[in-house]
Each structure stands twice: as C-alpha cells, then as structure tokens.
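Asks: Starting off with a structure, shown below.
What follows is calculated from the coordinates using simple rules that are stated; it is not laboratory data. This is a predicted model, so every value here is computed, not measured.
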C-alpha cells in the first residue's frame, strides 16, 4: 500500500472511531459499542468484535482525550461517595443515640432524627439517613473501564485437565458425580 492509502485508511478509522465515541456519549453510555460501531460506518464483521476498535491507537487516543485518567479519577472519587437517602421509623421511647448506633451499624450515616408519624399514622421517631449507592458506583466504573479497554479479554486456565481428551473429561465428571452422590 502507498503512503496515501495508509493515510486515508488511518483517517477513516479515526473518523469512524470518533463517531462511535460520539454515538455512545449521546446515548449516555447505554448503547453497546458494537451497535455504535455499525452506526458509525464500521462493517458488521468488524463491529461483532469491538475489541478490534478498542485496542487501536486511534480509540485509545480518543479515550485519553475525552476520558483522561485524571477525569476518571475525580469521577470515580465522587461515585465512590455516591449516596442514597431514605428514612426509617423507630419507637417514640427509643433514645436518639440508640437510633444512631443502629443506623451506623448498618453502614449508613444518620442525618436527622425527629418525632412525627409513620405511614400507618402512628407517632414515632423518624431517622433520615444516607448510605452508599453501590449500583451507581458499580455501573459507572464498569462503563468507564470498558470504554478505556481496561478489561482483559483473556482468561488463563491453570489446570492439569487442559491436556485431557473429551472422553477422559467425561470419565472424570462421572467419577466426581458418583462421589458427590454418596455424600
């Protein structure tokens, strides 16, 4: 290939990679990379394996520009501190310190305790508290790491079973099944 053909190929690859990133961003990160790749002009065959794109220099350059590690670090810090808020009712005669102890023991942070009525219209103490929003934290981190291509695609299996034939594996499975049935 000539230098002109290579330059055109790189330009098209980079343009489609940028368009893919834009499509994902416009959909709040909720669109699969493979689908965004198709919409950006990649072939179906290429889009079936998003790692072909996410492992390229052009994709890594785009991710470094729009999702730099420093920015992800700040976002991760905020997400790790992400909170949900709710309240619980306690008996009127329970001491506030006991309520705080119960809330803290559950991994939450008590914010305010006051007297009021619960959903059944019974006089009680209500404690408003915050607790970590683990689902938000997990989902946001997962998306960022996927986009950055930080998940490994290979799994190393360390086992002496690797060299066995299918017949030998089935014999082992049958032997183990017999042992487990006896227990």
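Asks: So which residue, out of 134, 30, 166, gets the largest mean-square fluctuation from a GNM of the chain using Cα contacts under 10 Å as springs?
Replies: Top of the fluctuation ranking is 166.
Asks: When only alpha-carbon atoms count, how far does region 87-132 stretch along each of its three principal axes, as whole angstroms with the largest first?
Replies: Dimensions of region 87-132 along the principal axes of its Cα atoms: 29, 19, 14 Å.
Asks: Next up: Per residue, what volume in Å³ does the Cα convex hull of the chain take up?
Replies: Output value, Cα hull per residue: 282 Å³.
Asks: Nearest 10 degrees, 0 to 90: what angle lies between the long axis of helix 57-66 and the longest principal axis of the chain (Cα atoms)?
Replies: The answer is roughly 30 degrees.
Asks: I would also like to ask the following. Normalise the Cα radius of gyration of region 89-183 by 2.2 N^0.38 Å (N = residues in it) and let me know the number.
Replies: Numbers: Rg = 26.9 Å, N = 95, 2.2 N^0.38 = 12.4 Å.
In units of the 2.2 N^0.38 Å rule of thumb, it is 2.17.
Asks: While we're here: To the nearest 10 degrees, how steeply does helix 3-26 sit against the main Cα axis of the chain, on a 0 to 90 scale?
Replies: Result, in degrees: 20.
Asks: Kindly express, to the nearest 10 degrees and within the range 0 to 90, the angle between helix 96-105's C-alpha long axis and the longest C-alpha principal axis of the chain.
Replies: 20 degrees
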